[in-house]
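Working notes, structure below.
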Amino acid sequence: MSDTDKYIQKMVEDAKEKGISTSYVRRQENKQCPIGAQGMCCKHCNMGPCRITSKNPTGICGADADTIAARNFARMVAAGASAHSDHAREVALTLLHAAKGKAPDYGIKDKEKLFALARELEIKVNDRPVEDIAFEVANVCLAQFGQQEGEIVFTKRAPEKRLELWRKLGIVPRGIDREIVELMHRTTVGVDQDYKSIVTASLRTALANGWGGSMIATELQDILFGTPKPLRSKVNLGVLKDDQVNILIHGHNPLLSDMIAQVALEPEMLKKAEGKKAKGINLAGICCTANEVLMRRGVPIAGHFQQQELALTTGAVEAMVVDVQCVYSSLPTIAKCYHTDIISTSAEAHIPGAIHINFDEHNALSVARQIVERAINNYPNRKEVNIPKESQDLVAGFSHEAINYMLGGSFRSSYRPLNDNIMNGRIRGVAGVVGCTLPGENTDETHQELVKELIANDVLVIQSGCSAITCAKAGLLKPEAAMEFAGAGLKEVCETVGIPPVLHTGACVDNSRILIEATNVVREGGLGEDISDVPAAGACPAWMSEKAIAIGQYFVASGVYTIFGPNLQVDGSENMQKLLYSGLEKITGGMWDVADNPKDMAAKMIAHIDKKRKALGIDKAKERVLYDMAMRRELEV
Ligand code: MSK
C-alpha cells in the first residue's frame with residue numbers, strides 16, 4: 001500500500017468509527033455481480049433481464065453471449081461519448097452567447113488560438129472583430145453535433161493514412177449526435193445482432209467523441225479560459241485551510257468553476273470573509289473540474305474521485321459545488337454530519353438532499369457570487385475540524401501547445417527533439433496513463449506503481465483525469481521526480497528541457513490533447529506514417545465511468561494499444577475477447593488489453609513499445625559518438 005493510500009485508509013476507518021459510510025465500506029458490502037462483470041446481463045427489454053451462463057447460453061430473444069457483450073460494451077461507448085459531447089455542447093453554446101454579448105461574463109482569453117482555429121475551419125480572420133470570428137467558430141462547432149452526412153471536421157486533423165483507413169472501414173463519424181443515437185438504436189432489442197458489426201459501429205461513435213465532442217470541448221475551453229501553460233500548484237487534502245473559507249469545486253465543466261475562481265479573489269468577497277473571522281477564501285478542486293482550474297489558474301487539487309467523500313469528513317468544507325459527472329449520490333448524507341452545503345448547479349444534475357442553485361451562463365458571475373457568499377456565511381457554523389497535513393507540489397499545464405513550445409526550445413516550437421530522442425533511444429516511447437480511481441486498498445498505488453515502472457524504463461508519461469491526481473500526490477509530477485524515478489535516458493531529456501517525466505495534460509475530456517500530440521509526432525517525421533506506427537501505448541489502470549470505455553475505444557480506433565485494469569465487462573464472450581484483445585489490431589492497428597496489476601500492465605506496454613521500435617528499425621541501441629574537431633570539420637565539408 002502506498003503512503004497516500006495508507007492515509008486514505010486511515011480516513012476511511014476514522015469515518016467508519018463515526019458511523020459514516022464511504023465508497024470503500026460500500027464496495028465491501030456490495031459485491032460486484034459476477035454476471036454483470038462479464039458483460040452477461042441483458043436488460044434491454046422486459047422479457048428479461050436475462051443472465052447468460054454456460055447452462056443458459058441465450059437470452060429469451062435468442063441473443064447469445066457475443067451479441068449481449070457487444071451491446072453492453074457499445075452502450076457504454078455511447079453513454080461515455082454523450083457525456084463528453086454534451087459538455088462540449090454547453091461550452092460551444094457559451095462561446096456563441098459570449099460572441100453575441102448574451103453571456104457578458106465570458107470573454108476570449110486566447111485570441112491566437114481562436115484565430116488559428118478559425119483559419120483551420122476556413123473562416124476569414126483578417127481584421128474582423130473577434131466576436132464575429134468567435135460567433136462563426138462556435139456555429140461551425142455546434143453544427144458538428146447535428147450534422148447528418150459527411151465527416152466531422154476535426155477528423156481532418158488525423159494523419160492522412162489514418163483518415164484513409166477510417167474511410168475504408170466506413171467509420172468516419174458523420175455527426176456527433178447522429179453516431180450516439182444510431183448506436184443506441186443498433187443496440188436496442190431486435191436490431192443489430194452481429195457482435196462485429198456492433199463493435200465497428202462503436203468505433204465510429206467513439207471517434208465522434210475523441211475527434212468530435214471532446215476535442216471541441218478542449219479547443220473552445222482554451223479559447224474561453226486560456227490555453228494551459230506549465231505552472232506550479234499543490235495537491236491532496238492538506239491544501240484545505242483551517243482558518244479560511246474552504247470551497248470545493250467538483251465535477252467536469254469549467255464554465256461555473258472558472259467564475260467562482262474569479263469571485264473568490266474579489267476584494268468585496270474577501271472583506272465579507274473577514275467579517276466572518278476567516279482569513280481568506282480558499283478554493284480547491286476535486287476530480288476533473290479540479291484539473292480544469294488547476295491547468296489554467298493553478299487552483300490546488302484537494303483530491304480525486306475517491307477522495308470526494310473523505311474531503312467532507314475533514315469538517316472544514318463550507319461548500320462543495322458540483323456540476324456534472326462523477327459526483328457521488330452519498331455526498332448530501334455525509335454532509336449532514338457536518339456543516340457543509342452540497343450545492344448542485346447543473347439543470348441536468350439534481351441531487352436529492354443538495355441545495356440547487358441553477359447555473360446560468362447569461363448571469364454567471366452573479367450565480368458564482370451567490371454561491372461564494374453562501375459559503376462565507378456558513379463559515380461560523382464549523383465544528384470540529386480535522387485537516388490532514390498531506391500535500392505535495394506539482395507542475396501541471398502541459399497542453400499540446402505547451403509541449404510543442406517547451407520541447408522546441410527558445411527559438412522554435414517543434415516536436416523534433418521528442419522524435420529525435422525517441423529515435424536515439426533516450427526516450428523509449430510515450431505512454432498516456434489516464435482514468436479513474438476505485439475504492440480499495442491500492443486506490444492510488446495502482447496508478448503510481450505503473451507510472452514509476454514506465455518512467456524507470458525511459459517511457460515519457462502523459463496523464464489526465466484522476467490518474468494524474470494520484471501520481472501528483474506521490475510527487476511524480478515535479479521536475480525533481482526525474483532525478484529520483486526516471487531511467488538514465490529520460491532523466492537526461494527531462495533535465496535538459498526542464499520538464500517532469502510525467503506531464504499533466506488536463507481533465508478526462510482533454511484526452512483529445514493526446515490525440516493531437518500523437519498526430520504531431522507523426523507529422524514531425526521519422527516515426528512512421530500513422531499513430532499506430534509510433535512507439536506509444538495507452539493505459540487506464542482503473543476505470544469507473546462509461547466515459548473511460550468511450551475514451552479507450554477512441555484510442556483503439558485511432559491506432560493505439562490500450563490497456564485497462566482490472567477488467568473489461570466483456571469476458572463472458574470468447575469472441576468479444578478475441579476481437580477486442582487481438583482482432584482489432586488487424587483492423588485499426590490499435591487493440592484493447594487488460595491487466596489486473598501495475599507490474600503486468602507496465603510489462604505489456606513496454607513490450608508493445610519495443611515491438612513498434614523494432615518495426616521502425618530503431619530498436620538497436622546506438623553507440624553515443626563524441627565528435628572531435630576532425631570529425632566536425634568532416635561534417636562541415
Ligand atoms: S473525473 S471519469 S473518475 S477520471 Fe474525470 Fe476522474 Fe474518471 Fe471521473
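Tabulated values for the structure
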{"quantity": "Loop GluC sites (Glu not before Pro), segment 342-397, which have at most 13 other Cβ atoms in a 10 Å radius of their Cβ (DSSP)", "calculated": "E348, E384"}
{"quantity": "Local electrostatic count, G170, Cβ distance below 15 Å [Lys/Arg +1, Asp/Glu -1]", "calculated": "+1"}
{"quantity": "Partner aspartates and glutamates for K196 [C-alpha distance under 16 Å; skip if fewer than 8 residues away on the same chain]", "calculated": "D64, D66, E182, D571, E574, E585"}
{"quantity": "Karplus 3J(HN,Hα) series, Hz, for segment 110-116 with 6.51 cos²θ - 1.76 cosθ + 1.60 (x for Gly, Pro)", "calculated": "10, 5, 4, 5, 4, 5, 4"}
{"quantity": "Separation of alpha-carbon centers, segment 292-346 and segment 374-449, rounded to whole Å", "calculated": "20"}
{"quantity": "Ranked packing of 103-110, 220-227, 11-18, 573-580, most packed first, by mean Cβ within 10 Å", "calculated": "220-227, 573-580, 103-110, 11-18"}
{"quantity": "Segment 398-616: antiparallel DSSP beta bridges as a percent of all, rounded to 5", "calculated": "0"}
{"quantity": "Distance violations [Cα-Cα > 22 Å] among K586/K614; K389/K473; K491/K620; K161/K547", "calculated": "K161/K547"}
{"quantity": "Solvent-accessible surface (1.4 angstrom probe) belonging to F485, in square angstrom, nearest 10", "calculated": "50"}
{"quantity": "Most to least packed among 244-252, 456-464, 416-424 [average Cβ atoms within 10 Å]", "calculated": "244-252, 456-464, 416-424"}
{"quantity": "Three-way shape call for the chain based on the alpha-carbon gyration tensor, with the a/c threshold at 1.5", "calculated": "rounded"}
{"quantity": "Å² of accessible area per residue within the chain, as computed with a 1.4 Å probe and no ligands counted", "calculated": "39"}
{"quantity": "Which listed pairs, of K6/K241; K168/K612; K100/K156; K10/K336; K241/K452, have C-alpha distances above 25 Å, in listed order", "calculated": "K100/K156; K241/K452"}
{"quantity": "Centroid-to-centroid separation of segment 122-195 and segment 570-608 [C-alpha atoms, Å]", "calculated": "28"}
{"quantity": "Within the accessible area of segment 237-381 (1.4 Å probe), percent carbon and sulfur", "calculated": "49"}
{"quantity": "Cα pair distances of segment 398-616 binned at 10 Å [whole percent]", "calculated": "9, 37, 39, 13, 2, 0"}
{"quantity": "Selection from V263, G36, A116, by position along the positive dipole direction of the chain (Cβ)", "calculated": "G36"}
{"quantity": "MRE, 222 nm, helices only [DSSP H, n ≥ 4, -39500 (n - 2.57), over the chain, to nearest 500]", "calculated": "-14500 deg cm²/dmol"}
{"quantity": "Percentage relative contact order, the chain, counting C-alpha pairs under 8 Å, at least six apart", "calculated": "16"}
{"quantity": "Dipole of segment 348-453 [Lys/Arg +1, Asp/Glu -1 at C-beta], most positive-end residue of A354, N404, G440", "calculated": "N404"}
{"quantity": "Computed over segment 1-96: relative contact order in percent, which uses C-alpha pairs under 8 Å that are six or more apart", "calculated": "15"}
{"quantity": "Mean Cβ neighbour count within 10 Å, used as a protection proxy, ranking 77-84, 350-357 highest first", "calculated": "77-84, 350-357"}
{"quantity": "Rounded to 5, percent antiparallel among DSSP beta bridges of the chain", "calculated": "15"}
{"quantity": "Rounded Å value of the spacing that divides the Cα centres of segment 42-68 and segment 466-512", "calculated": "45"}
{"quantity": "Neighbourhood charge, 15 Å Cβ-Cβ cut-off, centred on C508 and excluding it, Lys, Arg +1 and Asp, Glu -1", "calculated": "-3"}
{"quantity": "With all protein chains modelled, accessible area of K478 [1.4 Å, Å²]", "calculated": "40"}
{"quantity": "Tensor-based shape of segment 572-624 (alpha-carbon gyration tensor, a/c under 1.5 rounded, otherwise prolate or oblate)", "calculated": "oblate"}
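The values are calculated or read from the model by the stated rules, or taken from the named source; none is laboratory data. From a predicted model like this one, the values you see are computed outputs, not experimental measurements. Methodologically, a virtual Cβ is constructed for each residue, glycine included, from the backbone with ideal geometry; neighbour enumeration extends over all protein chains shown. Protein only, heavy atoms only, side chains kept; ligands, DNA and RNA dropped before computing areas. Shrake-Rupley method; radii C 1.70, N 1.55, O 1.52, S 1.80 Å.
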